[in-house]
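Each remark here refers to the structure printed beneath this line.
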Amino acid sequence: MTSEEIDKSVHHGSSTLLVASIPTVLLIVIALVQFTTAHTTVLTPWKGGGFGMFSTVDVDTARIVTLHLKVEGTEYPVEMPRDFSSDVESLRPMPTAARTERLAHRLAARQWVEADGHLAPSLIPIAHTTEPKSDRHWVLKQPLHDDERIAEIEGVRLQVWAPRFIVDDETGGGQLYRDEIQNVFVATSAED
Amino acid sequence: MNWTLSNARRIVDGSRNMPVVSLVAVMMLVLILLWANLTWIIIAPIQVLVVAGLLFEKIRTDPRFWCVMTALLAGAIYWDWYPLDNHQYLFVYLSLALFCVFHLPEQRRKKVLALSGRILLGAVMAAAVIWKAVTPDYLDGTFFHHALLTHPHLQNIAIALGGISPEIINTNEEQLHLLHFSYLTSVPVESVTLQGASRIAPLALFITWWTIGVEALLAVLFLWPRRLGGDHRFVFLARHITLILFITAIYPLAPVIGFGWALIILGFANCAEKPTIFRPIYIALMLFLLFAGYVNFV
């Protein structure tokens, strides 16, 4: 092999590596951004392109989003309406204050009607062990009857909680905690 | 009947004679068609592209085709950055790799595709290992301990090998429900107790170290430099045998078929330079994951 052929072969080899590396370079850049973001914000390691799935119990689907409505000066817990389930799914991986506030504003802008003593569907399985927090419940819907009036919402509180698990070596079970990672209160224009 | 058989034979013969780079493009298009999670605005143009690419080799081997495909897949990621799973990002990198490959003269394509598949897969595994290594609740077994007690896909393993009963599984599900919805009650709880069994901890530790160990091994094998023997037959064999075992074994833990298929295509792409037994094995593995996904055998 002449020196010219060797030069050509070396050049070919390095350009092959260069072209073949382009997608991996993009992967590394996005993974570094995700790694930094997940360590400095509320981004779950499972999402964002850093391949941190199956590394922590703090998966977005295990994060809990709770909703309270402020009516007549009191905050009442309310089950998240099904209409908003995809919004909640989008919020859970990265519940920054801005993203949480946006969702709270959208919830506050909708019409809430005081329900007639019905338990929220998700409360029914645990109702035998405990009581509802309040006799008053609200649901998101258009008022259908004359006696249903639209509630005057003074504000909406959205909280996001991340799971944390501590193993109990004696029982082989453990304690599962919920830690608050976001807490946003949005006052409606009526209160302003 | 004869017509069907002759057509089936023609398809088999066609795929056998199809250039391997084009075959990877076909696999990639099927992957996108079945497993890409796309926002409504991008679905229609991508489906049109996929059908056109599947029908015409000239289209699927055109770099402009893969440039547009990469842009559309990246657009889907931009649209839904946070909720999307990691393998959706991998689809973009694979598409970009094909754009780079088809941009080259034909005689260089196999080599670049093989190298691209190798380092992409190595980088994915390295990122997964780094995340697991720096996350405190992974290395001490907490993550898999919790998963064995609560995750639906691990429940059968927890019952068969971890010694917990279906009643404990049900009780733990109720506890999870309580943690999610107790804020609606007069007694909101900040924590709940999950029940387990003495064999869960060692089982969780075994799965923990097996997973990170195999991922680390794959990262090393796929990123092993050529000048240090990365092209040696032994390394090649070890790389693909480990990947096939990993995909086959990990499916019960993480039944994400799209991710499995993307890893298979990367492994297949790494076999682009020369015919090998691993090519048909990878195609069979794709079908196996698809079948297993429908049957949900675990």
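Quick notes
- Charge dipole (debye, nearest 20) of chain B; +1 at Cβ of Lys and Arg, -1 at Cβ of Asp and Glu: 1680 debye
- Inter-chain neighbour count for A:58-67: the average number of beta-carbon atoms from partner chains within 10 Å of each residue's beta-carbon is 3.
- Restricting the stretch A:9-89 to GluC sites (Glu not before Pro) that sit in a DSSP loop and have at most 13 other Cβ atoms within 10 Å of their own Cβ leaves A:GLU72.
- The orientation-averaged shadow of the Cα convex hull for the protein assembly as shown, equal to a quarter of the hull surface, comes to 29.6 nm².
- Chains A and B together bury roughly 5800 Å² of accessible area, counting both sides, with a 1.4 Å probe on protein heavy atoms only.
- Stokes-Einstein diffusion coefficient of chain B, Kirkwood radius over Cα pairs, 25 °C, 0.890 mPa s, in µm²/s: 115 µm²/s
- Rounded to the nearest 20 debye, the dipole magnitude of the stretch B:121-260 is 800 debye, with +1 charges on Lys and Arg beta carbons, -1 on Asp and Glu beta carbons, and the Cα centre as origin.
- Environment charge at B:PRO83 (Cβ cut-off 14 Å; Lys +1, Arg +1, Asp -1, Glu -1): -1
- Cβ-Cβ distance of A:LEU32 and A:VAL139, R₀ of 56 Å, FRET efficiency by 1/(1 + (r/R0)^6): the value works out to about 0.80.
- Gyration tensor verdict on the stretch B:40-92 (Cα atoms; rounded if a/c is under 1.5, prolate if a/b is larger than b/c, oblate otherwise): prolate
- Proximal charge balance of B:ALA197 [Cβ under 14 Å; K/R count +1, D/E count -1]: -3
- Cα pair count fraction exceeding 15 Å, expressed as % - the stretch B:111-203: 69 percent
- Portion, in percent, of the accessible area of the protein assembly as shown that falls on carbon or sulfur, probe 1.4 Å: 62 percent
- With both labels modelled 7 Å from their Cα along Cα-to-Cβ, the B:ALA284 to B:ARG226 distance reads 3.1 nm.
- Taking every protein chain into account, the accessible area of the stretch B:62-166 amounts to 35 square angstrom per residue (probe 1.4 Å).
The values are calculated or read from the model by the stated rules, or taken from the named source; none is laboratory data. Remember, it's a predicted structure, so these values are computed and weren't measured experimentally. So basically every Cβ, Gly included, is an ideal-geometry build from the backbone, and we count neighbours across all protein chains shown. Keep in mind that these areas ignore ligands, DNA and RNA; they rest on the heavy atoms of the full protein, side chains included. Shrake-Rupley method; radii C 1.70, N 1.55, O 1.52, S 1.80 Å.
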